[in-house]
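Novice: My questions will all concern the structure given below.
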Amino acid sequence: STPAEAKARLQQELPRWAFFTGYLLLSVVPVVLSAFGSWTIYGLRRKLDAAMQLGKYTTERPLGSGGMGTVYLARHVLLRGRPIAIKVIQPDKLGAASLARFEREVQATSKLTHPNTVAVYDYARSPDGTFYYAMEYLDGLDLDALVRREGRQPSDRVASILEQRGAKVAVVASA
């Protein structure tokens, strides 16, 4: 028997709705599965692209950037529990003068020991030539976000913040 005869016989043996439902399932399910698979792979690819391996650290997301570098939230590859901050010198800023400035920054910061400063854990160059340093991550609001979220602050809170900033500046200046 020919394929056309087999199809006609199948249509006679099955109710019309069953044939249509089977045909619909066989054509729609693969499309839905491939769309879902593509969406999943795209999401994983974005996460992989966002994560950068720097020596023994894996970055998770950028926290901010400035004139010289970008700071990322990261985790140690083996000690995954505690978050850390990684400062990376921007590739377009990589020159002898900026690299010397970056190194002076990390060396000076690593000598600070005060509750209002961060601890530096590591300073290195990744295999691809990226200079970075790992430091203590402090979760919380910066001053700008605090004012935007809560508005004008009471004078005693402002005085406390300024006192802490002043103590930090004094420690940095004495280093």
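The values are calculated or read from the model by the stated rules, or taken from the named source; none is laboratory data. All values reported here derive from a predicted model rather than from experimental measurement. Here Cβ is always computed from backbone atoms with ideal geometry, including for glycine, and neighbour counts include all displayed protein chains. Keep in mind that these areas ignore ligands, DNA and RNA; they rest on the heavy atoms of the full protein, side chains included. Shrake-Rupley method; radii C 1.70, N 1.55, O 1.52, S 1.80 Å.
Novice: Using 7 Å Cα-to-Cβ label points, what is the S27/V118 separation (nm, one decimal)?
Specialist: The answer from the label model is 5.7 nm.
Novice: Something else about it: Using a 1.4 Å probe on the protein chains only, how many percent of the accessible area of segment 73-118 belongs to carbon and sulfur?
Specialist: Looking at segment 73-118 in its full context, I get 57 percent from C and S.
Novice: For M68 paired with A145, estimate the spin-label separation in nm (one decimal), with each label point 7 Å from Cα along the Cα-to-Cβ line.
Specialist: With each label placed 7 Å out from Cα toward Cβ, I get 2.3 nm.
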